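Worksheet: one structure, shown below.
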């Protein structure tokens, strides 16, 4: 169902940036679409392109204004450009960031109608004949864009779009001699579109600012020289240089010995972060103090900013159940009311001898009221505003379905390391048993080289800090959920959790381990075969906002539990500080089973918050999975939402936002149905006419959109602390 139209009379189509990697016999193209005022515009483009020969898959994202299409390699993209141009929208290459057109220019039909009708009104004051002719000219000029688009939509299967109804109503009014009213109908509807476009721009402003974080060009270092190249041409392995005040165009690893980066736009961290050589820096981060050189690690179109934008686009496809219900309702509602309009026009004149003119006029009015524009827009407007609001405070929700589900959550299950804690443990003590401390640490560090696990990184860092020598490790095997094993200097070295070692093998060391664990430390055992070489204790720290986040969740009726693979004593120490229940020493499979048991107790309304690859099964099992922004790619892809700024305080805000969105959605549905019902009744009783019908349609659409924009206000999602 269409709710708005772009009335551009021309379209400039730029060359496509570049096709993505060919998949089978198709090639992927990306464009930026101009002229979309609401989600229905994106739907109209999708429907038109879906039936275009050669199109295998198409996605139009209103929030990011991007068109992604998989096209048969034998078909020219010019066919796509032609179809979009006929619909009245513009296309430009995704590598060009151009200033947005002024609102008055984007809605040229309204501008034209306003000017011509003002002149016609002036002529009417002096000469009614000339004035009437002026309104006739204005209506004729104004109805042409609607008629053209209505024909295109009918060819693409959309028979009951608002463009069709507006065309019929305006032409019908002209036939009845109501030239002034016909012109005002088009003017008022165009004004409604303009206001809707203004509201839509407000909703998309935050997402657009995100897309503009990465520069268009980069300084590539080649053969010792700096060459300026398009950012999209960079591939992994190439080296770049970024100057102070500039942002990274790609994800990259720092080659310089150190560097200071402002990552606030990406992570929310307000203080510049000092990074060392070989640390990964995300696209969009700004260099602060001195030029740095880096090695590109992200593929074209797959840096941190691109991934967030892609998630936002995918979110539009995951529609809330209530949105699907509204679409199903409007699909039969509009034809039903159109049939009613036909009966209103025919029955009274045929069976009671009434005049055809007044009943035809009422039928035309009903035609305009028939299209439930406000109802169709009510859900996408609220969801888009809510998703933009969430993104602004650091929470990325993947679509309306996940957003709607958030309000039903009654329990949050948390992973420990990297979620409730910083995930950056440090070695606190090394205990030598059958080897010296430094030798124990050196062997463990050699085995852990190349691992990305936080505990492994802590061991490696401590080995480096003590200036110990690393040896080459071979035959490395990850013991899922337990540790790692390999050959170092001809020795069969294992670094494992103590609970996976038989008590008789631990012997006297068991008491030492228990003592360390009772203090909240995580202990790993270094073995040579079955012989114990030594112990390494590590400590992680709670996130600064963890205690406050748990308290705020409790205040809004949300329970919390920690599910961790760590030992019971360490888990108990962390859980005690937070005041929550816990289950410890869980493998990935155990986490899933524990989560299923919790779901059974809470009627399924349980969300999982995690960051690691081992959390992915639980994230998928939960009613809703929430990943930490710096978590593993698998966790981020599996989850339904992500905390991009990694602030746990955003969890209660997300839930409050979901509840507020549900409230706004109910208000919008009530407003849309109420306005339509009111004007249906007043029209049948002869109390209102065409202009009132347009006001009900355009006014209702603007009203629900503005109501949805209230979700963008910060005070809408504040969480009160009792």
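The values are calculated or read from the model by the stated rules, or taken from the named source; none is laboratory data. Predicted, not measured: the structure shown is a model, and the values here were computed from it. Using ideal geometry, Cβ is built from the backbone for each residue, glycine included, and neighbour counts are taken over all protein chains shown.
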### Task
Find the residue count for region 399-445, including only residues that are under 21 Å from the mean Cα position of the chain (by Cα) and under 14 Å from residue 462 (Cβ atoms).
0
### Residue match in region 261-271 (condition: at pLDDT below 70, closer than 25 Å to residue 384 by Cβ, assigned to a loop (DSSP other than H, G, I, E, B) and outside the structural domain of residue 173 (by TED's automatic domain parsing))
yes
### Query
Counting only residues that are surrounded by fewer than 22 Cβ atoms within 10 Å (Cβ to Cβ), part of a strand (DSSP E or B) and under 45 Å from the mean Cα position of the chain (by Cα), how many does region 488-514 have?
1
#### Entry: Count of residues meeting criterion [buried (at least 19 other Cβ atoms within 10 Å of the Cβ) and within 25 Å of residue 576 (Cβ to Cβ)] in region 526-543
6
### Query
Counting only residues that are at pLDDT 85 or above, touching a strand residue (DSSP E or B) at 6+ places or on another chain (Cβ under 9 Å) and in a helix (DSSP H, G or I), how many does region 515-547 have?
2
### Message
Just to verify a result, which residue in region 283-307, among those that are more than 28 Å from the chain's Cα centre (by Cα) and not in a strand (DSSP E or B), is farthest from residue 234 (Cα to Cα)?
### Response
289
### Summary
With criteria (1) surrounded by fewer than 21 Cβ atoms within 10 Å (Cβ to Cβ); (2) modelled with pLDDT under 90, residue 423 comes up short on (1)
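Look at residue 581 and say whether it is touching a strand residue (DSSP E or B) at 6+ places or on another chain (Cβ under 7 Å) and at pLDDT 85 or above. Lay out the reasoning, then the answer.
Numbers: touching a strand residue (DSSP E or B) at 6+ places or on another chain (Cβ under 7 Å): yes; at pLDDT 85 or above: yes.
Judged against the criteria, residue 581 is a match.
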### Message
Step by step: first the residues of region 642-654, then only those that are surrounded by 24 or more Cβ atoms within 10 Å (Cβ to Cβ) and at pLDDT below 85, then the one that is farthest from residue 406 (Cα to Cα). Which residue is that?
### Response
644
